[in-house]
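Comments concern the structure below.
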Amino acid sequence: MPMTDTTEELASLPAHAAIPQLLDSYGARLYSVAVRLCGNSDAAEDLVQETFLNAFRHWDQFEGRSSPATWLYAIAARACRRMQRKRAGEPQTVASLSELLPSGEPGVPDLPAPDDSPLDETLRQEARDAVERAIATLPSTFRLPLVLKELADFSVAEVAEILDVKQATVKTRVHRGRLLLRKALAERLPSRAAPPPDHAKRVCLDLLHAKQNALDRGVTFPLPPGELCTRCEALFATLNLAHDVCVDLGRGELPEALRAELRREFGTSRSPENRAVS
């Protein structure tokens with residue numbers, strides 16, 4: 001079923017007409033996101049089901065002032081927090097920025113240059129496994145904004161709206177999360193020797209900040225690669241690879257059994273005055 005042309009038109013529909021459209025448009029991506037937030041498919045299905053049933057029950061609260069996607073994911077984010085709370089063994093802190101930079105590492109990941117042949121399938125699977133494990137071990141305050149930005153493909157402003165936090169907070173957490181994914185990748189990929197940085201650490205940090213902002217906006221980093229030192233080139237290459245893996249992880253299919261179950265729920269639920277309140 002195609003989405004209604006405008007948010008206003010969608011908001012004017014009854015729940016039994018509107019929510020199936022949201023399911024068809026956002027269900028698959030939400031399930032892929034939920035798998036990485038929850039860590040397993042069973043919990044992900046529970047999160048998706050709770051999200052869409054809450055959206056169905058409270059559709060009268062959607063006034064069209066936000067996009068359907070951000071409204072739906074805000075419900076999902078609240079459900080995720082309720083379901084997970086504080087996970088046992090979750091780290092209390094994240095490494096400092098200095099600890100996450102590759103300047104002190106003996107070597108750098110040995111990745112093909114952008115114009116060379118792509119990673120072979122074995123290395124690509126290694127990268128996917130490393131990124132998935134790194135996402136799973138992030139503290140929830142970093143994992144949720146990172147997954148919303150990198151897998152669900154929301155803008156920084158949209159993530160801030162979904163989580164009801166400041167945009168600066170989202171950027172800080174997403175940037176730190178990306179560096180953690182990069183570090184996990186660097187530990188799994190083949191490495192090669194590299195000279196020490198040939199410019200000041202402040203320059204490296206400024207370049208990294210510019211690179212992260214480019215990733216935030218979904219644009220190409222403007223500085224020609226030849227002007228970067230070997231370590232900055234490797235840092236940016238692994239950031240790009242982590243980002244590409246996240247994009248792939250955001251793709252997927254909604255299990256047909258779950259889709260069918262939700263559609264049955266939408267078809268058998270009663271009128272708004274008789275709906276249960278979550």
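Values for this structure:
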read-out	value
Rounded FRET efficiency, nearest 0.05, which uses the C-beta distance separating R81 from L205 and R0 of 30 Å	0.40
FRET efficiency, 1/(1 + (r/R0)^6) with R0 41 Å, evaluated for E126 and A17 via beta carbons	0.35
Gyration tensor (Cα) of segment 23-72, equivalent ellipsoid semi-axes in angstrom	21, 11, 8
Interchain or long-range residues, amide H under 5 Å from S191's placed H	D110
Approximate spin-label separation E265-Q49, in nm, with each point projected 7 Å along Cα-to-Cβ	0.7 nm
Overall form of segment 158-201 per C-alpha gyration tensor (a/c, 1.5; a/b vs b/c)	oblate
Solvent-accessible surface (1.4 angstrom probe) belonging to H58, in square angstrom, nearest 10	30 Å²
Rounded accessible area of R173 (nearest 10 Å², 1.4 Å probe)	70 Å²
Cross-link partners of K183 among lysines (Cα-Cα below 21 Å; sequence separation of 8 or more within a chain)	K149, K171, K201, K211
By accessible area with a 1.4 Å probe, ligands and nucleic acids excluded, highest first: order of Y73, Y31, Y26	Y26, Y31, Y73
Point-to-point label distance, E8-N240, nm (Cα→Cβ direction, 7 Å offset)	4.3 nm
Surface accessible to a 1.4 Å probe, D120 within the full protein complex, Å²	80 Å²
Principal axes of segment 134-258: Cα extent on each, largest first, Å	53, 33, 26
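The values are calculated or read from the model by the stated rules, or taken from the named source; none is laboratory data. Quick caveat, the model's predicted, so the values are computed rather than measured. Cβ atoms come from the backbone with ideal geometry, glycine included; neighbour counts cover every protein chain shown. Accessible surface areas use protein heavy atoms only, side chains included; no ligands, DNA or RNA. Shrake-Rupley method; radii C 1.70, N 1.55, O 1.52, S 1.80 Å.
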